[in-house]
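Here's the structure we're looking at; comments come further down.
The values are calculated or read from the model by the stated rules, or taken from the named source; none is laboratory data. Note that the coordinates shown come from a computational prediction; the quantities given were computed from them, not determined experimentally. For neighbour counting, all protein chains shown are included, and Cβ atoms are generated from backbone atoms with ideal geometry for every residue, glycine included.
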């Protein structure tokens, strides 16, 4: 079975490719080798690579395949605030191009769009402890989340108009090996390693839900083979940013220096997903202790 994985050299995409390798699938990785791509992330032996932007990929490039899994995206919120154009191009135009190719592929079994809990917006806008299920409205607080929400809607419209089978997974914050240095946890570790102050947005009480990347990709794989429609992937494990910094300090038995900086524009206070999964998830604290 041939599976196309876009963004397969990135953090989550490469974990998925490695999982496919253990299952014996033929994999075509499509990646334009941005700053976040790293070929060393991939350990699977049964794959080939197409170095190309998803906006420019053609049907001839991909050949025939049964599944296409779209991890490719511009994903850093701060970058989207500075310049939203790359997000429009990759997240919207790129997804549209892939959908056009997929619906013309006679062997397609499913189009899988990897989305985010950020498309639901700030859960505190709905009240304390409210969690988003798959029926919640999509509200973009940044160009990143807005473009991801737009991509989700494109996928759903292709499903309705062209009967393209699809799966959209909306997952919480991932952590694990090979995560790019700009993300929250690697930033903390880098600051600790170099004895620098950790910058903390606002009051540091923004709450995020966390999942180990290997748990996430295993659920995506299971859903790819068994389900259609929209599925949230969450764990129920939530930490405020400042709690997480203090947790790492406790594990290290070290006083960590941090400074509060001006809050991010449009910063959501809380994300939270209502999900049906009962996996034996690895907790963030377990993972951190393994790394330290």
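Points to keep in mind about this one:
- Looking only at residues in segment 211-242 that are assigned to a loop (DSSP other than H, G, I, E, B) and more than 13 Å from the chain's Cα centre (by Cα), the one that is nearest to residue 130 (Cα to Cα) is 236.
- Any hit, segment 65-85, residues being on the phi < 0 side of the Ramachandran plot, part of a helix (DSSP H, G or I) and at pLDDT 95 or above: yes
- Considering 88, 54, the condition of being under 19 Å from residue 16 (Cα atoms) and without any contact (Cβ under 8 Å) to a residue 60 or more places away in the chain is satisfied by 54 alone.
- When residue 248 is tested against (1) touching a residue at least 24 places away in the same chain (Cβ under 8 Å); (2) farther than 18 Å from residue 184 by Cα, exactly one condition is not met: (2).
- Annotation note: of 289, 259, 254, the sole residue that is loosely packed, with under 13 Cβ neighbours inside 10 Å and part of a strand (DSSP E or B) is 259.
- Residue 208 vs. criteria over 19 Å from residue 285 (Cβ atoms) and assigned to a strand (DSSP E or B): no
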